[in-house]
Amino acid sequence: MKKILITGGAGFIGSHVVRLFVNRYSDYHIFNLDKLTYAGNLANLSDIETAPNYTFVRGDIVDAEFINQLFAQHHFDGVIHLAAESHVDRSITDPLSFVLTNVVGTANLLNAARQAWKNDLANHLFYHVSTDEVYGSLHDPKDFFTETTPYDPQSPYSASKAGSDHLVRAYYNTYKMPVVISNCSNNYGPNQFPEKLIPLSIHNIKANKPIPVYGKGENVRDWLYVIDHARAIDVIYHQGKTGETYNIGGFNEWRNIDLIHLLCRIMDKKLGRAEGESAKLITFVTDRAGHDLRYAIDASKIMHELGWKPSLQFEEGLEKTVEWYLANTEWLENVTSGTYRQYYSDQYASR
């Protein structure tokens, strides 16, 4: 069996990628490496935790010795690297943790892979999953991020991801490491930690709490359903050209305030409230420092070269997301209370 290491596999996007690979590829053994920080939750993978082709490993990619031992022990055929600190607000208050995980952690994985694969590079692959935030902000409504857009990160988070992207490309150019990179737009869907805009808003609407919206809500994001992102990662891993970058997006731009109003209408309908009741909870707050105005991905390359395209329109995906959160109130309560962390900390020793 081929052995694939997926880092950050207990997180939001990572758990959907792990599930897809475990269920789709019975000839692969999937190793899920996750530190189980606040955003890592193995309850996201309870449906596959006993699968014969799945193994969870708790560990920190910043620990170089541990990473080297892991590669030496398991002889991975490929890596799909999603582990990262990812919340912009947290990066503003604690930038060094983002540098350590996103830059140093990526370097540790690259070094371990290079050492393990040095005699057979052609039959291995290092796939680095990144973000559209590395490109900075778009001001012309006609512009889109492409794979050749110059990097212009504006927050410690996006700067740390840009640094990791550059390292991956450097290992390709310097050591001929077989790599691919993808940069994706904002994801939404089941299992997202409720610090992010959509799940936070769903939680607050349900609890009749204020819905915080930065500034005037005029910042624009391109949104992609997380399962469509997982499908794109699958396609790139198996069909992507070594050394290439692929942008993943939904051609689906929304101003934050318009998104929130749509979400309020869906929630009113699902909760049996009068139309407009949830919108009364919208509360404008001081804008985030370095808040990029607009992100928009041109996903033409992956669509034309690899045949991928998003399966859901935003309204449909958002309604499915709301239905999931309303049907999984125990998951949400465990996450917001923090009880999920104690449960899994008791089961897995930390390294």
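Here are some notes:
- Enumeration of residues in region 72-90 that are in a helix (DSSP H, G or I) and either modelled with pLDDT of 95 or more or under 10 Å from the mean Cα position of the chain (by Cα) (or both): Ala72, Gln73, His74
- Annotation: of all residues in region 293-314 being in contact with a helix residue (DSSP H, G or I) (Cβ under 7 Å, 6 or more places away or on another chain) and under 24 Å from Pro141 (Cα atoms), the one that is modelled with the highest pLDDT is Ile302.
- Inside region 126-148, residues that are touching a Leu at 6+ places or on another chain (Cβ under 9 Å) and assigned to a loop (DSSP other than H, G, I, E, B) make up a count of 4.
- Condition met for Ser164 (closer than 22 Å to Val99 by Cβ, of a type in the set (Gly, Ala, Ser), in contact (Cβ under 8 Å) with a residue 12 or more places away in the chain and crowded, with 22+ Cβ neighbours inside 10 Å): yes
- The residue of region 239-255 that is farthest from Arg221 (Cα to Cα), among those that are touching a strand residue (DSSP E or B) at 6+ places or on another chain (Cβ under 9 Å), of a type in the set (S, T, N, Q) and at pLDDT 95 or above, is Thr242.
- Subset of region 265-284 that is of a type outside the set (Phe, Trp, Tyr) and touching a residue at least 60 places away in the same chain (Cβ under 8 Å) - its residue that is farthest from Lys216 (Cα to Cα): Leu271
- Of the residues Ile233, Ile257, the single one that is among the hydrophobic types (A, V, I, L, M, F, W, C) and surrounded by 22 or more Cβ atoms within 10 Å (Cβ to Cβ) is Ile233.
- Matching residues in region 78-132 - criterion: being crowded, with 24+ Cβ neighbours inside 10 Å and either farther than 21 Å from Ile6 by Cα or touching a Pro at 6+ places or on another chain (Cβ under 6 Å) (or both): Phe98
- Count of residues meeting criterion [in contact with a helix residue (DSSP H, G or I) (Cβ under 6 Å, 6 or more places away or on another chain) and of a type outside the set (Phe, Trp, Tyr)] in region 82-108: 12
- Pairing residues of region 100-123 that are at pLDDT below 95 with residues that are crowded, with 19+ Cβ neighbours inside 10 Å and aliphatic (A, V, I, L, M), at Cβ distances under 9 Å and at least 6 apart in sequence or on separate chains, gives Leu121/Met177.
- Scanning region 239-280 for residues that are hydroxyl-bearing (Ser, Thr, Tyr) and farther than 21 Å from Glu316 by Cβ gives Thr242, Thr245, Tyr246.
- From Lys280, Lys269, Lys309, residue being surrounded by fewer than 17 Cβ atoms within 10 Å (Cβ to Cβ), of a type in the set (Lys, Arg) and either in a loop (DSSP other than H, G, I, E, B) or in contact with a strand residue (DSSP E or B) (Cβ under 6 Å, 6 or more places away or on another chain) (or both): Lys309
- Restricted to region 6-46, and to residues there that are of a type in the set (Ser, Thr, Tyr) and not in a helix (DSSP H, G or I), the residue that is nearest to the chain's Cα centre (by Cα) is Thr7.
The values are calculated or read from the model by the stated rules, or taken from the named source; none is laboratory data. Fair warning: this is a prediction, and the values are worked out from it, not measured in the lab. Virtual Cβ from ideal backbone geometry, glycine too; neighbours counted across all protein chains shown.
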